[in-house]
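Following: one structure in structure tokens, then a few remarks.
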Amino acid sequence: MVQETRGELYLSFAGIWQRPRREIADHLEEIIELWSEEIEIPPETVAVLSAFCQRYPAGEERLNALWAEYIPLFETGAVEAPPYASVYLDKGRQVLGAETRAVQAFYASTGYGMGNDKQELSDHLAVELEFLALLARDGEETSGETFRQKHLLPFLQAILPRIKGSRRPVYAQAAEILDNWQLKSYERG
């Protein structure tokens, strides 16, 4: 897989794991098409995502449907899958832990940093995926693989089963696809 395609895939997943935005919601079909072309995906997974897109056409209705899935999964109440690596990888199981600092240090060591207008913590799932997209874009394969092995994969191994277990149509399927790509088929090409 070429670096450019790898970068596009990382960006597409980063977009999915961010708080729902119109530009992602309205282009969900294109994201599904990219995934289908580049990642081995079971037809039933694509069927669930396609059914969601048909049920909720692009626009406000789809955006609201994504919010309805996203909020209990990642933000409020009995949060089903906190999107921060430190919650899974630190002994204290809280945000802003040692993993947050380790990820920030890795970003800085490669010349990347979090700007003052950051919306999320550095160890948020979407931020880590976006960072890997930047490294792919810039041809930083060694740094990307080091970050992937040391930070992303342990995080994915902890969070993806929780997201898949939620059975939320878009996020559970996206987790299955990300699992197929990063944990099962990435090494094959």
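The values are calculated or read from the model by the stated rules, or taken from the named source; none is laboratory data. Quantities reported herein were computed from a predicted structural model and do not represent experimental measurements. Neighbour counts are summed over all protein chains in view; Cβ atoms, including those assigned to glycine, are modelled from backbone coordinates with ideal geometry.
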Checking Ala85 against (1) farther than 23 Å from Phe131 by Cβ; (2) in contact (Cβ under 8 Å) with a residue 60 or more places away in the chain, the condition it does not meet: (1)
Subset of the range 50-79 [outside any helix (DSSP H, G or I), small (Gly, Ala, Ser) and without any contact (Cβ under 8 Å) to a residue 12 or more places away in the chain]: Gly77, Ala78
Criterion: of a type in the set (S, T, N, Q) and buried (at least 17 other Cβ atoms within 10 Å of the Cβ) - qualifying residue of Thr100, Thr76: Thr100
Extreme residue, modelled with the lowest pLDDT, among residues of the range 81-95 that are part of a loop (DSSP other than H, G, I, E, B) and surrounded by 15 or more Cβ atoms within 10 Å (Cβ to Cβ): Val95
Odd one out for Gln119 among (1) under 16 Å from Pro154 (Cβ atoms); (2) outside any helix (DSSP H, G or I): (1)
Neighbours by Cβ (under 7 Å, 6+ apart or cross-chain): first from the range 118-136, surrounded by fewer than 23 Cβ atoms within 10 Å (Cβ to Cβ); second of a type in the set (Ser, Thr, Tyr) and not in a helix (DSSP H, G or I): Leu121/Tyr84; Leu134/Tyr112
Of all residues in the range 158-170 being in a helix (DSSP H, G or I) and touching a helix residue (DSSP H, G or I) at 6+ places or on another chain (Cβ under 7 Å), the one that is surrounded by the fewest Cβ atoms within 10 Å (Cβ to Cβ): Ala158
Residue within the range 26-49 that is assigned to a loop (DSSP other than H, G, I, E, B), surrounded by 15 or more Cβ atoms within 10 Å (Cβ to Cβ) and of a type in the set (A, V, I, L, M) present: yes
